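This report concerns only the one structure given below.
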Amino acid sequence: MGKKKQKSKGKGRSKPKKKSIASRADRHKLYQAAVQSPEADVEYFSTVYKELRGRTAKSMREDFCGTAYLSCTWADSKKSRTAIGIDLDAPTLQWGRAHNLAKLSEAAQGRVQLVEGNVLDGLGEPTDITCALNFSYGVFKRRDELRRYFEVARQGLADDGIFITELYGGFDAIVESEEERELDGFTYIWQQAEYNPINHHTLCHIHFKFPDGSKIKKAFTYDWRLWTVPELREVLLEAGFSDTKVYWERTDEDGDGTGEYVATECEENQESWLVYIVGIK
Ligand SMILES: C[S@@+](CC[C@H](N)C(=O)[O-])C[C@H]1O[C@@H](n2cnc3c(N)ncnc32)[C@H](O)[C@@H]1O
């Protein structure tokens with residue numbers, strides 16, 4: 001039996017405590033603001049597709065779509081564009097429907113399909129572009145699992161389709177560390193908590209900190225294998241892609257990424273870098 005609550009002997013009621021910012025914050029909203037730049041992705045995808053295929057890309061599949069922020073931005077960018085977003089997590093997809101999809105015009109909403117499912121199941125119609133952003137394929141830790149995913153991604157592309165993914169690296173990527181970034185009304189913290197040099201498995205967390213000192217610890221956790229550029233390119237070829245390209249993010253004098261990506265085959269060994277890797281069907 002539980003201990004009975006004692007009746008308050010005080011005269012008045014105590015003032016209700018003000019809720020912390022963290023308790024009122026929405027982790028998906030913070031994630032989107034801190035991590036994603038869907039307009040820049042749409043611009044990059046459009047440019048690279050035109051360069052490689054000589055036409056405007058219309059359909060896009062966003063694997064590991066989360067809140068489908070990119071899918072919604074893609075479908076909204078042109079009347080001829082459609083998007084399909086695939087994610088395993090129903091509550092995250094539901095958040096995306098309520099906060100991203102609902103903001104689009106009715107016509108644009110009709111051009112977005114969100115599917116609760118596994119990216120390995122190859123759901124939906126063939127698309128011009130399939131993407132897997134923010135390193136989400138790192139959940140596939142064995143080469144045969146990654147190859148299977150790339151095979152399914154290739155099968156789900158139109159004949160002149162391309163697959164676009166991202167990778168981070170450099171010697172900073174394999175040290176246990178915490179990096180803070182001040183954003184509008186909150187601090188974003190990226191923590192590399194563990195890295196095993198034997199198998200390249202890495203455990204990372206995103207935390208958020210607020211001006212009142214409150215925090216959302218481990219708002220998101222990622223248990224990944226940190227693959228390398230040559231491994232990803234080799235596995236793409238093994239999965240049947242005819243060619244691969246690497247687009248390296250340029251940096252300014254302070255070493256910060258400029259958001260400009262160039263196709264390259266030889267680069268300086270930077271302490272941290274970001275690339276897009278493109279598989280050509
Ligand atoms: C790092 S988030 C990516 C969110 C967003 N696409 C982005 O670029 O920021 C990873 C997402 O992948 C989903 N996920 C993990 N494994 C999956 C799988 N096998 N099939 C579909 N979704 C998966 C998780 O539910 C999570 O929403």
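Heavy-atom accessible area with a 1.4 Å probe sorts 184, 144, largest first, into 184, 144. For segment 172-221, the convex hull drawn through the C-alpha positions has a volume of 64 cubic angstrom per residue. The listed residues 207, 200 rank as 200, 207 when sorted by accessible area, largest first, using a 1.4 Å probe. Here the 3J(HN,Hα) profile of segment 52-63, calculated from phi with Karplus coefficients 6.51, -1.76 and 1.60 at θ = phi - 60°, is 7, 10, x, 8, 7, 6, 10, 9, 9, 10, 9, 6 Hz, Gly and Pro shown as x. Taking all Cα pairs closer than 8 Å and separated by 6 or more residues, the relative contact order of segment 131-250 comes to 25 percent.
A simple rule links phi to the HN-Hα coupling: the Karplus curve 6.51 cos²θ - 1.76 cosθ + 1.60 with θ = phi - 60°, which for segment 33-48 gives 5, 8, 10, 9, 9, x, 4, 5, 5, 4, 5, 4, 4, 4, 5, 5 Hz, with x for Gly and Pro.
Roughly what percent of Cα-Cα pairs across the chain reach past 37 Å? For the chain, the share of Cα pairs beyond 37 Å comes to 18 percent. Using heavy atoms of the protein chains and a probe of 1.4 Å, the accessible area assigned to residue 220 is about 30 Å². Using only alpha carbons, segment 89-202 has a radius of gyration to Kirkwood radius ratio (Rg to Rh) of 1.02. Couplings 3J(HN,Hα) of segment 264-279, computed from phi: 7, 10, 8, 9, 5, 7, 7, 5, 8, 8, 9, 9, 9, 10, 10, x Hz, in residue order, whole Hz [Karplus 6.51 cos²θ - 1.76 cosθ + 1.60, θ = phi - 60°; x for Gly and Pro]. With a 1.4 Å probe rolled over the protein heavy atoms of all chains, the accessible area of 26, 159, 223 falls in the order 159, 223, 26, largest first.
On a per residue basis, the chain carries 56 Å² of accessible surface, using protein heavy atoms and a 1.4 Å probe.
The values are calculated or read from the model by the stated rules, or taken from the named source; none is laboratory data. Just so it is clear, the structure is predicted and the values come from calculations on it, not from any experiment. Calculation scope for accessible area: heavy atoms of the full protein, side chains included, ligands and nucleic acids excluded. Shrake-Rupley method; radii C 1.70, N 1.55, O 1.52, S 1.80 Å.
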